[in-house]
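The values are calculated or read from the model by the stated rules, or taken from the named source; none is laboratory data. Computed from a predicted structure; not experimentally measured. When we count neighbours, we look across all protein chains shown, and the Cβ atoms used for this are built from the backbone with ideal geometry, even at glycine. In case anyone asks, the SASA skips ligands and DNA or RNA and just uses the protein heavy atoms, side chains included. Shrake-Rupley method; radii C 1.70, N 1.55, O 1.52, S 1.80 Å.
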Amino acid sequence: MSEFEPQDLDQLSEPRGSTFDFRGYLFKVLNLWKFVLVCIGFALIIAYLINVRKQNIYKLSSLISVESDQNPFFTSNTSISFNWGGVSGKVGKVMTTIKTRTHNELVVDSLKYYIEYLKEGKYRLEDIHTNAPFVIALDNTKPQILNVPIGIGFVDSETFEISAEFKGENYVVQRYSDKEKFPIRAPGKTFSKTFRFGETINLPFFNGTISPREGHTITKGGQFFFRFINYDKVVNDYQRGVSIEPYSSNASSILQLSLAGSNKSKIVDYLNTTSAILSKTELERKNLYATNTIKFIDSSLAAVNDNLKEVTNEMNKFREENKLFDISAEMNLLAEKLKSFDFQKEEERSKLNYLNSLETYLRTKTDYTKIAAPTSVGITENNILASVAKITALAIERQSKEYTVQEGNVIFKDIDRQIDAEKNVLLETINTTKYTISSNLNTINSSIAKLEAELGKLPEDQQEFLKIQRKMDLSQEAYNIYLAKRGEAAIVKAANVSDITTIDEAKDIGGGLIGPNKSLNYMMGLMMGFFIPMFLIFLIFLLDNTIHGSDEIERLSNIPILGLIGKYNYKNNLVVYEKPKSAVAESFRSIRSSLQFIYKKLGDDNKGRTLLITSSVSGEGKTFTSINIATVYALSGKKTILLGLDLRKPKIFDDFLITNEKGMVNYLIGESSFEDVLSRTFIENLDVVPSGPVPPNPSELLMSDQLKELMVELRKTYDMIVLDTPPLGLVTDALELVQYADATLFMIRLDYTKKGMLSLINAKYRTGEVKNISYVLNFYKHKTNHNYGYGYGYGYGYGYGYGVYGNAYHEGNGRRSLWKRIKKLLKIK
């Protein structure tokens, strides 16, 4: 069956479902390629502006090593320091410490990063850090204004001018000594005053001195700025910004510090200062045990020293009061034995005193980081040494986590549980060791008692001499022992090195740029510039309910398409008559040929044929088609009449140079005869009957018997009767006229007719209200249709309405508006 051949009603099936038309969407995109191109160009311009205006971001790094360095003076006799849990434990502590606020406060205070040195850049104030030719020494006990750029202009090599502009009234100042902030009122709109380098400056918004920076030259007329930043914000920014991670899986003790920012010299200084402070803090922690031991020895040494002075004074006094004498060799040997036992007794008593003090400390204190080394009093019991070391290590670990872990956390509970368990073991060991020492003391005391009994045989003055001598020797020996121990602890402390060393310092050697990612920005701009218009076109296409091509009609309706009429700009509707060789005229001749198939199928070629032309709404080219199809038949030698049955919106009279004073209305109401309303046109074989005045009851007139009689008579007189009717989708008039039609043409104007209107005509076709109906596509353009290849045109809109409905008739005269010209350029429908 030909595409233009109509189908019988019983052969008509339901139209295919309204699925997404991907081909239509693709053609829509291709039709709007200029719009997509403009969006891409606009997005790339935005990406360029972002790339040139956004600050460069750099990322630099340094490497540090965390090792368990053994003290070079560590021996079995000088064990003042020990490992605090191995390298893995230290690595975790270092990584935690780096992210603590306390550590970052130390670094920020050291570098004074709450002061920004600035100069005017192309797009913003640029941070120049140490490249500023001046340096600020703050009076931290006085407040500084926050977030206000303060200008400094060099008058000469000795003086400078401070200026500031205050746009508001209320500002915040901060005192960096205690970090307290409080509000102030602006000291006026502007401020300007000259000072000398090194002069103390006391202003409501700045307190300190400004001096030339060493190695820089003061240039007359140079203009710079400085600004104070909220201390807490600076610390928080660096605390969040600095990162630390193992350098590789094969070297877990090597850590990489990284930091990103806009000023590479500030990044370098921060990373290197972080490493230095971290190493210093770790060394202080490592020396803590030796420091506590030295304090303990110093306190014991002071007591022994006082005792030695007393005994020495007592011996000198005894020698002054008594003559010098010698004791026998046997008594001298006895005295040496007593001296040896006295030393042993003093050593055991020192151990016992230490253990008593340690027991009391463990039972009454909670800070176990200040325990002195047991070896400082000669205790070598392995269990005691190990327990003290473990408790001290756990206490230091708990102390380090207090900066990052909230109190009550399960980590603290676990550490406290370990400390309590180890403390209970240590207390048991202390009790056992004290019992052993007490036994040793009893044995020593028994030996001393026997020797003292032997000495009792000497004269009283010799006994007194030996007694004083024993005390002096004992004090001297104790003093020498403590002095040696203190020297040993001092050597260990001095020889200690930090377990954290810098392997590779941060350094600006070029590169390190990580942002903005210009390639990514351009790529994102390209993607956004492409996908956003694609999405907008998709939305427009999805929400668009107008018909744009024949394939949409075929998908929505089974009514055949009889012909196509292109868009063509002309001064009136008589295109076929005045431009018979035009493509539009050929389109109407093609429609005439297709209609012959319908009429042949009807048979009975002896009577005149009727053709009804209608549409869904106004403006779809119904009257234009009626005039030209009638002209085509007339020019082919067929006696043709064109009836203006659009009683609500009469229009066909203008093009034939006749009036609308009399017409079909006058005939139907009986006011005039048919001959009176009939007009012979300048087109051979073509007669026209206009609509006439607009009646109040057009539907009733079209239903009258007089019209039926007229149609019967006209079939006898004319070969072709063309009925120009009202729109089918707006009024019911056209349905009243369908009974007279041998064939019906339903006009569809592309990019204008709504898809929903096809549902209306489909329903009437299925119920048999209209028969032998076909579609004619008006305003057809090849690029908006997927199945047909004509490229002709016609440029008339069409208006329709009784009262107000539809659009007004227009011919497009006059200049296009700017918006219409832009739409034409972009081809936006």
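For the stretch 609-640, residues that are under 60 Å from the mean Cα position of the chain (by Cα) and either open to solvent by 10 Å² or more (accessible area, probe 1.4 Å) or at negative phi (or both) total 10. Test GLY151 against the stated conditions and say whether it is within 30 Å of ILE98 (Cα to Cα) and open to solvent by less than 50 Å² (accessible area, probe 1.4 Å). No: the conditions fail for GLY151. Residue pairs whose Cβ atoms lie under 9 Å apart, sitting 6 or more positions apart in sequence or on different chains, and linking a residue in the stretch 657-681 that is closer than 20 Å to TYR577 by Cβ and open to solvent by less than 20 Å² (accessible area, probe 1.4 Å) to a partner that is modelled with pLDDT of 90 or more and of a type outside the set (Gly, Ala, Ser), do not occur here. The listed residues are TYR790, TYR809, and the only one of them that is in contact with a strand residue (DSSP E or B) (Cβ under 6 Å, 6 or more places away or on another chain), closer than 25 Å to SER582 by Cβ and at pLDDT below 85 turns out to be TYR790. Summed over the stretch 368-388, the residues that are assigned to a helix (DSSP H, G or I), open to solvent by 30 Å² or more (accessible area, probe 1.4 Å) and either over 30 Å from ILE98 (Cα atoms) or in contact with a helix residue (DSSP H, G or I) (Cβ under 8 Å, 6 or more places away or on another chain) (or both) give a count of 4. Checking each residue of the stretch 494-509 against the condition of being part of a helix (DSSP H, G or I) and either closer than 30 Å to LYS90 by Cα or in contact (Cβ under 8 Å) with a residue 60 or more places away in the chain (or both) gives at least one match.
Results for (1) modelled with pLDDT of 85 or more; (2) assigned to a helix (DSSP H, G or I), shown as yes or no for each residue.
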position: LYS337; (1), (2): no, yes
position: GLU348; (1), (2): no, yes
position: ASN353; (1), (2): yes, yes
position: THR366; (1), (2): no, no
position: LYS390; (1), (2): yes, yes
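For the stretch 705-719, the set of residues classified as part of a helix (DSSP H, G or I) and buried (at least 17 other Cβ atoms within 10 Å of the Cβ) consists of LEU707, LEU710, MET711, LEU714, ARG715, listed by residue number. If we scan the stretch 157-173, do we find a residue that is open to solvent by 50 Å² or more (accessible area, probe 1.4 Å), under 18 Å from ILE115 (Cα atoms) and not in a strand (DSSP E or B)? Checked the stretch 157-173: no residue is open to solvent by 50 Å² or more (accessible area, probe 1.4 Å), under 18 Å from ILE115 (Cα atoms) and not in a strand (DSSP E or B).
Give me the residue from the stretch 529-539 that is surrounded by fewer than 18 Cβ atoms within 10 Å (Cβ to Cβ) and touching a residue at least 60 places away in the same chain (Cβ under 8 Å) and, out of that set, farthest from the chain's Cα centre (by Cα). Out of the qualifying residues, it is PHE538. Looking across the stretch 735-782, the residues that are out of contact with any helix residue (DSSP H, G or I) (no Cβ under 9 Å at 6 or more places or on another chain) and either of a type in the set (Phe, Trp, Tyr) or within 21 Å of SER704 (Cβ to Cβ) (or both) come down to ALA741, TYR752, PHE779. If you go through the stretch 261-307 and pick out every residue that is charged (D, E, K, R), touching an Asp or Glu at 6+ places or on another chain (Cβ under 9 Å), open to solvent by 20 Å² or more (accessible area, probe 1.4 Å) and at pLDDT below 80, you end up with 0. Search the stretch 466-491 for residues being open to solvent by 40 Å² or more (accessible area, probe 1.4 Å) and among the β-branched types (Val, Ile, Thr), and hand back the single one that is nearest to LEU451 (Cα to Cα). So the residue we want is ILE481.
For the stretch 255-287, a residue qualifies if it is in contact with a strand residue (DSSP E or B) (Cβ under 7 Å, 6 or more places away or on another chain) and of a type in the set (Ser, Thr, Tyr), and the qualifying residues are SER258, SER262, TYR270, THR274, SER275, SER279. Scanning the stretch 514-526 for residues that are touching a residue at least 24 places away in the same chain (Cβ under 8 Å) and surrounded by fewer than 15 Cβ atoms within 10 Å (Cβ to Cβ) yields ILE514, LEU526.
Within the stretch 389-436, the set of residues being open to solvent by 40 Å² or more (accessible area, probe 1.4 Å) and acidic (Asp, Glu) comprises GLU397, GLU402, GLU407, ASP414, ASP416, ASP420, GLU428. Checking every residue in the stretch 192-211 against the condition of being in contact (Cβ under 8 Å) with a residue 60 or more places away in the chain, over 25 Å from GLU126 (Cβ atoms) and open to solvent by less than 70 Å² (accessible area, probe 1.4 Å) gives at least one match. So, LYS467, is that one assigned to a helix (DSSP H, G or I), touching a helix residue (DSSP H, G or I) at 6+ places or on another chain (Cβ under 9 Å) and in contact (Cβ under 8 Å) with a residue 12 or more places away in the chain or not? Here the answer is no, as LYS467 does not meet what is asked. Filtering the stretch 720-736 to residues that are surrounded by fewer than 24 Cβ atoms within 10 Å (Cβ to Cβ), in a helix (DSSP H, G or I) and of a type in the set (A, V, I, L, M, F, W, C) leaves only LEU735.
Applying a threshold of 6 Å to beta carbon distances and a minimum spacing of six or more residues, or different chains, the list of pairs starting in the stretch 475-493 at a residue that is of a type outside the set (D, E, K, R) and ending at one that is open to solvent by 40 Å² or more (accessible area, probe 1.4 Å) reads SER475/ASN307; ALA478/GLU346; ILE491/PHE73; VAL492/PHE73.
Every condition in (1) free of Cβ contacts under 8 Å to residues at least 24 places away in the same chain; (2) open to solvent by 70 Å² or more (accessible area, probe 1.4 Å) is met by LYS181 except one, and the failing one is (1). Residues in the stretch 682-693 that are open to solvent by 10 Å² or more (accessible area, probe 1.4 Å) and not acidic (Asp, Glu): PHE682, ASN685, PRO693.
Matching residues to (1) within 15 Å of SER258 (Cα to Cα); (2) modelled with pLDDT of 90 or more:
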position	(1), (2)
THR501	no, no
LYS507	yes, yes
GLY510	no, no
PRO516	no, no
LEU526	no, yes
PRO533	no, yes
ILE537	no, yes
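Considered as a group, the residues in the stretch 8-36 that are of a type in the set (Lys, Arg) and open to solvent by 90 Å² or more (accessible area, probe 1.4 Å) include one that is modelled with the highest pLDDT, and that residue is ARG23. Within the stretch 541-560, residues that are farther than 17 Å from LEU26 by Cα have Cβ atoms under 8 Å from residues that are open to solvent by 30 Å² or more (accessible area, probe 1.4 Å) and in a helix (DSSP H, G or I) in these pairs: LEU556/SER759, counting only partners at least 6 apart in sequence or on another chain.
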